[in-house]
Each structure stands twice: as C-alpha cells, then as structure tokens.
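Notes follow once the structure below has been shown.
Read the figures in this text as sums done on the coordinates, not as results from a lab. The shown structure was predicted, so the numbers you read here are calculated from the model rather than taken from an experiment. Every residue, glycine as well, gets a Cβ built from its backbone with ideal geometry; the counts of neighbours run over all protein chains shown.
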Amino acid sequence: MDKNTLAELYLSFAAVFHRPNQEVSDHLEELIDLWSEIVPEIDEAVQNLRSFCDQFPAGEQRLNALWEHYIPLFETGAVEASPYASVYFEKEGLVLGKEAFNVQQFYANCGYCMGEKSGELPDHLAVELEFCALLSRNGQDDALKVFEQKHLGPFLKSILPKIKKSHRPVYTEVASILEAKPLNLQKEGDFVG
C-alpha cells in the first residue's frame, strides 16, 4: 500500500474515533467506500454500515445517532471502551498515565508536538491514528513501524475487542474493519504480531 493511501486510511479511522461531528457524519458513505476498496474481506461490516446510513440519512439525525452510541462507549458512565491507552497499560487504569507521556515523547522525538488547543490527550485513539497518518504521509516509515509496534498495536489489541463487544452501530463495524486490516508497512501477506 502506498504511503498516501495508508495515510488516508489512518485518517479515516481517526475521523470516526474522534468525537462525532457533522462533517464526518455527512461523509460516512465515502469512508465506507474507501474501506470496502482497500479491505475486501469486510462485507458484513460494510453492509451494516450501509444499513446504518440508510436508516439515518446524512444530517442531524445521523449525527445524533452517532452521539447516542459514542457517549456510553467512550465518554460517560461505565465507559465501555476508554479511548485512552493509559487506561489499558497502567495498573490503576487511569487516564493520563505513563503511556500518555511515552506517546507524547515519541511525538516530540519525531518532530511533532501537540498544541494546547488540540482538545485531546496524546494517547487518545484518534490522536494516535492521526499521528500514524502524519508519519506515513511524510515518509517516516521506520518511526511508523516502531510506533505501531510499541504503542498503537498493543493499544488496538486492548481496545478493539471492547469496542466490538459493545455492539454499538458504526463503532463496532469500524473496529472490525481496523482489526481485519492491520495497518503496517509490511509487504502484503506478511504477518506482524
């Protein structure tokens, strides 16, 4: 997969795992088309996503449906799948733990820093996916491989099963797609992990 396609794929997943917004909601069909082109073995997930889009046409109704599932999955109450890596890698299971610092340090070592206005912590799932898109787009293949192995890969192994177990429309399907297509720079057919 070329670096621009890989970057686009990372960004598409990041878009869904950020807090819902109208732009992503209105362009969900385009993301589905991208995933179905690149990851052919995801027919069931694509069908479920298309059914969601049919049930909730683009607009406020779809955005509200996304929020309805995003909030209990990632934000409030008995959160079903915390979007922060620190929660999975720290004994106390707290946000903003050592993993957040390690990820932020990795960003800095690669020449990137998170602005104070970013609105998210460095170890948020969407932020890590966006960082991988930057590395891919900028041809920083070695850094991307290391980040995937040390940070994103273990995080995905922890969070994707929780997202899938939630059975939340859109998020469960996107987690399945992300799990079906390991995002790495290995030659097609190679297995990492």
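Taking the chain as the region of interest, the number of lysine pairs whose Cα atoms are within less than 21 Å, with members eight or more places apart or on different chains, is 22. Qualifying trypsin sites (Lys or Arg not before Pro) in the range 29-111, where qualification requires a DSSP coil assignment and no more than 11 other C-beta atoms within 10 Å, comprise Lys91.
Sparsely packed loop sites in the range 1-67 (the GluC sites (Glu not before Pro) outside DSSP H, G, I, E and B with at most 13 other Cβ atoms within 10 Å) comprise Glu41.
Among the GluC sites (Glu not before Pro) within the range 79-184, those in coil by DSSP and having at most 11 neighbouring Cβ atoms inside 10 Å are Glu92. If you compute Cα extents along the principal axes in Å for the structure shown, which of [x] 45, 39, 29; [y] 46, 34, 27; [z] 43, 37, 35 do you land on? From the options [x] 45, 39, 29; [y] 46, 34, 27; [z] 43, 37, 35, the structure gives [x]. Over the residues of the chain, the helix contribution to mean residue ellipticity at 222 nm works out to -18000 deg cm²/dmol, using -39500 (n - 2.57) for each DSSP H run of at least 4.
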